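Asker: Let me begin by handing over the structure; questions about it come next.
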Amino acid sequence: MDSQNKVCQNCQQEFIIDQEDLNFYERMKVPAPTFCWLCRAQRRMAFRNERSLFKRKSDCSGKDIFSAFAPDAPVKVYEKEIWLTDSWDPMTYGKDFDESKTFFEQFKELLHTVPLKK
């Protein structure tokens with residue numbers, strides 16, 4: 001079996017899936033992609049915000065900073081200069097896994113607790 005030509009379901013552009021990739025998908029027991037590489041990358045990165053900036057207070061120093069996170073976002077944000085230092089200990093945010101909650105519930109709690117870099 002050789003490479004396959006497909007048409008992207010999203011942008012309708014033709015793309016090629018080579019034999020090595022097809023072998024990988026078969027080993028992983030997943031279907032071959034129906035979106036081209038660019039549309040797949042756009043979907044993977046859609047959650048990121050790199051175009052809108054918000055003025056907000058640092059949750060560490062209270063200093064005004066510009067951040068990709070809105071002031072009402074349920075996350076802690078530290079300015080880069082503090083986030084990169086040893087003035088706070090990220091290990092204090094560690095938690096034991098709770099079997100009574102799903103992984104994603106616990107991950108959301110952790111995401112909203114551990115400070116992020118502006």
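Since every read-out is calculated from the coordinates, none of them should be taken as a lab result. Given the structure is predicted, the values throughout are model-derived calculations rather than measurements.
Asker: Can you spot the lysines whose alpha carbon is less than 20 Å from Lys117's alpha carbon? Ignore those fewer than 8 places along the same chain.
Answerer: Filter leaves Lys55, Lys57, Lys63, Lys76, Lys80, Lys108.
Asker: From the Cα trace of the range 4-44, what convex hull volume per residue do you get, rounded to a whole Å³?
Answerer: 66 Å³
Asker: Could you pull the Cα extents of the range 45-88 along its three principal axes, largest to smallest, in whole Å?
Answerer: 32, 19, 17
Asker: Gap in Å between the Cα centre of the range 79-118 and the Cα centre of the range 41-55?
Answerer: Taking the Cα centre of each part, the range 41-55 and the range 79-118 sit 21 Å apart.
Asker: Can you list the lysines whose alpha carbon is less than 30 Å from that of Lys6, not counting same-chain residues fewer than 8 positions off?
Answerer: Lys29
Asker: Next question, about the same structure. Length gain on complete extension for the stretch Leu111 to Gln9, per 0.36 nm per residue less the alpha carbon to alpha carbon distance?
Answerer: 33.4 nm
Asker: Turning to a different aspect of this structure: Through the Karplus equation 6.51 cos²θ - 1.76 cosθ + 1.60, θ set to phi - 60°, convert the phi angles of the range 86-92 into ³J(HN,Hα) values in whole Hz; use x for Gly and Pro.
Answerer: Going residue by residue, I get 9, 6, 9, 10, x, 5, 6 Hz, with x marking Gly and Pro.
Asker: Separate question: Please turn the phi angles of the range 7-12 into ³J(HN,Hα) values with the Karplus equation 6.51 cos²θ - 1.76 cosθ + 1.60 (θ = phi - 60°), one per residue in order, whole Hz, x for glycine and proline.
Answerer: 10, 5, 5, 8, 9, 6
Asker: Long-range amide H contacts for Leu116: which residues qualify at under 5 Å (H placed 1.01 Å from N, peptide plane, sequence gap of 5 or more or a different chain)?
Answerer: Lys76, Val77, Tyr78
Asker: How long are the three semi-axes of the equivalent ellipsoid of the range 54-117, in whole Å, if each is the root of 5 times an eigenvalue of the C-alpha gyration tensor, listed from largest down?
Answerer: Ellipsoid semi-axes (Å, largest first): 25, 15, 7.
Asker: How much of the DSSP beta bridge set in the chain is antiparallel, as a percent to the nearest 5?
Answerer: 80 percent
Asker: Regarding the chain, what's the average projected area of the Cα-atom convex hull, expressed in nm²?
Answerer: For the Cα atoms of the chain, the hull's average projected area reads 11.4 nm².
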